[in-house]
Amino acid sequence: MKNLLFLAALLLFWQVPAQQMFTSSQWQEDLSFLQHTVHKDYPFLFKKTTAAEFDKAVVELYTAIPQMQDHEILVGFARIVGMFKYGHTRVSFSESPIPYQQLPLNIYQYKDGTYINGAHKDYEALVGAKILEVEGKPINQVLEAIYPVVPAENDQFFKAWGGIYLVVPEVLHAQRVTETLKKKISFTLEKNGKTFKAEVNAGKPQHDYLEYGEIKPGTDWTGTRDQTNNPLYLKNLDKIYYFEYLPNEKALYVRHSQIQDDPDENIPAFYKRLFEFIDNNDVEKLVLDVRLNGGGNNYKNKPIVTGIIEHQKINQPGKFFVIIGRRTFSACQNLVNELDNYTNAIFVGEPTGENINFYGDNRRVELPNSKLPVYLSFAWWQDKPQWENADYTVPHLAVDMTFVDYSANKDPVLDTALNFSTDNFIIDPMGYLTQIFMDGNYELVATEAQRLVKDPTYKFFNFEAEFNKAAYQMLGSDQFEGALFVFEMNAKLFPESANTWDSLAEGYWKSGDLIKAKEYYNKAIQLDPDSATAKNSRAMLKKMEAEQ
């Protein structure tokens, strides 16, 4: 089976839908139909949200529909479906009966802020500007407002695709960034050290100005980069894949941006040629770059994975690098999983835009009155055990791009791979710390944990969650001393997290120290009184009182 190529689906987003109006009753009937269909045929999608939460949101939208404009209803449906948090499970704006507009801007979230990295020539002066506010609201607040509309698999997915929703005035109004539906949107921007305001007019949606998220040459759009001097990952974008030898580094660089056959050379032929080059030349490193790869047909991954396994020359720690990022999705996540399982790959860059195990392929469900297509995933792809599932694949070497790097055509991600040294590098932080713990050197565990948590190389590694999981495993087998040590260490490393104190409280409760348990449950409540963690802490305090 094939994972749908997500990039192609996103491009459809920009097609102009036919204008058509429906009564409130018709929209409500469509919503009820969707609700019934999900419960009947897709109940397995209730993994990240519950059936009760879904039904509550449906009731709220159903009640509000008579007071809503058509575009608000469309966005409301997108929010409902977005609750499942699987990128393949989505409402199709492009095939919707409700028209929408687009601001002629290309927006991207970098390490150092959210920038306009491309625009129609009419707004060329705005290219390179950092967005501070939209309609007088801080950009972070605006991004938070539109987040529920995006079928965001994780935060990386939102970083990759949230910008295409940010430039739709209908979304901005439905999410109350604007008070009314407006064609002209105001921005507060910063460029060349100066802050200024600009208004941008929305118009007919466009989709032919981008290629892998980049402004295509020869269009009416302008990008911020000099496209005559592209970095390797942005060269030859007319090809799905290509490779280039870097003699100074004795490295072979490969960009592979879809899990599909290139019209000029299929995947098996390309990788046969690539591995023959490795065999016959002085190649000490292989860098496989899939940071732009949105997926395709995961059955085509086999010659890539088996080829790496067979070539011991590069399938060694420190010789094989895989560059991943926010656009690494779908069938390419399968590839990443397989490379992680069966090779000595070192992952570099940002986390992927896909869960490790995920619901992929989808079916079109057409609502009876509006004919609005909703795509619901049905195929569960699991390449790793359930306990190894996570929001994304985390890179061993964390590197994220700044706007300054991007606009100057620099590639710090590739540079990190090419300049990698094994000195002081720990590919498995938890395995390393666990071994020290098993050796009984608790003091070294504490100092090394603090060092690793502060090291930007591991910035995407979720130390808090991993420490918590390890402590609970010990607690479950009555290893109270070890569990309390790790719970205490976690609370000291992440003192502003209510969850670390809640967990520490549970550790003391189960070990018999009720005084400290009460103290730390109360600390968790004080840190975040309205959170689910605080709710749990209050419930545990009541349970403790009832048992006394």
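Computed from the coordinates by the stated procedures, all read-outs in this text should not be read as laboratory data. Since the model is a prediction, treat every value here as computed from it, not as a measurement. Because the Cβ atoms are built from the backbone with ideal geometry, glycine has one as well, and the counts that use them run over all protein chains shown.
What to note about this one:
- Under-5 Å amide H pairs with E211, H placed in peptide plane, nonlocal only: K216
- Placing pseudo-labels 7 Å out from each Cα toward the beta carbon at A125 and E388 gives an inter-label distance of 5.5 nm.
- For K459, distant residues with modelled amide H under 5 Å away: A398
- Coupling constants for the range 267-278 follow from the phi torsions by the Karplus curve (6.51 cos²θ - 1.76 cosθ + 1.60, θ = phi - 60°), and in residue order they are 4, x, 5, 4, 6, 4, 5, 5, 5, 5, 5, 4 Hz; glycine and proline get x.
- Once C-alpha pairs closer than 8 Å and six or more residues apart are averaged by separation and normalised to the residue number of the range 105-223, the relative contact order reads 27 percent.
- Secondary structure note: in the chain, about 75% of the DSSP beta bridges are antiparallel.
- The phi torsions of the range 306-313, fed into the Karplus equation with coefficients 6.51, -1.76 and 1.60 and a -60° offset, translate into couplings of 5, x, 5, 4, 6, 9, 4, 4 Hz, rounded to whole numbers, with Gly and Pro shown as x.
- For the range 210-217, putting each phi into the Karplus relation 6.51 cos²θ - 1.76 cosθ + 1.60 with θ = phi - 60° gives couplings of 10, 9, 6, x, 9, 5, 7, x Hz, in residue order, rounded to whole numbers and with x for Gly and Pro.
- Leading residue at positive end of dipole, the range 105-223 (Cβ point charges), from S186, H120, L105: S186
- If the chain linking K48 and Q69 were pulled fully straight, counting 0.36 nm for each residue of separation and taking away their Cα-Cα distance, it would gain 4.6 nm.
- For the chain, the mean residue ellipticity at 222 nm estimated from helices alone is -12500 deg cm²/dmol, where every DSSP H run of n ≥ 4 contributes -39500 (n - 2.57) and the total is divided by all residues, rounded to the nearest 500.
- Percent of Cα-Cα distances greater than 21 Å, calculated over the range 32-116: 44 percent
- Links that overshoot a 18 Å alpha carbon limit, given the list K469/K510; K121/K204; K85/K130; K121/K235; K111/K191: K85/K130; K121/K235
- The chain, Rg to Rh (Cα coordinates; Rh as Kirkwood inverse mean 1/r): 0.98
- Entries in K216/K384; K47/K384; K159/K272; K56/K184 that, when Cα-Cα distance is taken, lie over 28 Å: K216/K384; K159/K272; K56/K184
- Loop-located GluC sites (Glu not before Pro) across the range 264-339 with a Cβ neighbour count of 14 or fewer within 10 Å are E284, with loop assigned by DSSP.
- For S421 and E443, a Förster radius of 25 Å and the Cβ-Cβ distance give a FRET efficiency of 0.35, rounded to the nearest 0.05.
- Cβ-derived FRET efficiency at R0 30 Å, K111 paired with Y342, nearest 0.05: 0.45
- Legend: calculated FRET efficiency, D530 to D41, from the Cβ-Cβ distance at R0 = 30 Å, rounded to 0.05, equals 0.25.
- Distance (nanometres) between label positions extended 7 Å along Cα→Cβ at K235 and S32: 6.1 nm
- Cut-off under 5 Å, modelled amide H: who pairs with L132 long-range: T188, L189, E190
- Note: relative contact order over the chain, using C-alpha pairs below 8 Å and six or more positions apart, is 13 percent.
- Over the range 105-223: Kirkwood hydrodynamic radius from C-alpha pairwise inverse distances, Å: 14.6 Å
- Available extension along the chain between D208 and K454 is 84.3 nm, counting 0.36 nm per residue and deducting the alpha carbon span.
- Positive-pole candidate from V404, W509, V445, dipole of the range 394-519, charges at beta carbon: W509
- Approximate spin-label separation E249-E60, in nm, with each point projected 7 Å along Cα-to-Cβ: 4.7 nm
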